[in-house]
Amino acid sequence: MRSVRSLLVVTGTLVGLGVLAPSVSAALDTPQPIVITKECSQFTGNIPSFCTITSSTLPAIPAGSKVFYYGPEINDPDYTSSWVILNAGHGNRATGYCSLLGNDGNCSFFEGTGTLAGFHAAVQVTLPGDEFLWEGTYRFDRRH
């Protein structure tokens, strides 16, 4: 009798998880707002150069994370066009591309590893003060 009861509990749990899985997946695919600030006092213009995240509304990208710029064009004050790696530490990374005219532009991210696996984001970049501001949306799509 005990094994039948255990089997029913396990079966009920698996069925319950199967019912919840689509709603969890749908929630991950829904774009969410994201706001990140970064400072670039250590940006040298050499490849790679980096900026440091100072705040983020996404816990998977904590303050102290680094954004590395790999070019092809990162040393022109009027134009930036660069592959980027957002390194949140411990193997948690996102890959994307940024393009700016002066201090305004866009960055998009299309893949990641670790806690950033499936990370997709599109942000507008501005420099409203001493730090760059990234504002946009993100989602996690574990299928890509």
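Check whether at least one residue in segment 18-34 is in a helix (DSSP H, G or I), of a type in the set (D, E, K, R) and at pLDDT below 95, and report yes or no. Let's see the steps before the verdict.
First, the residues of segment 18-34 that are in a helix (DSSP H, G or I): 18-29.
Filter again for of a type in the set (D, E, K, R), leaving 29.
Now restrict to residues that are at pLDDT below 95: 29.
Within segment 18-34, one or more residues are in a helix (DSSP H, G or I), of a type in the set (D, E, K, R) and at pLDDT below 95.
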(message) Tell me whether segment 32-52 contains one or more residues that are within 11 Å of the chain's Cα centre (by Cα) and without any contact (Cβ under 8 Å) to a residue 40 or more places away in the chain.
(response) no
(request) Go through segment 86-104 and give me each residue that's touching a residue at least 24 places away in the same chain (Cβ under 8 Å) and of a type in the set (A, V, I, L, M). (result) L86, A88, A94, L100
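The values are calculated or read from the model by the stated rules, or taken from the named source; none is laboratory data. None of these values were measured; they are calculated from a predicted model. Because the Cβ atoms are built from the backbone with ideal geometry, glycine has one as well, and the counts that use them run over all protein chains shown.
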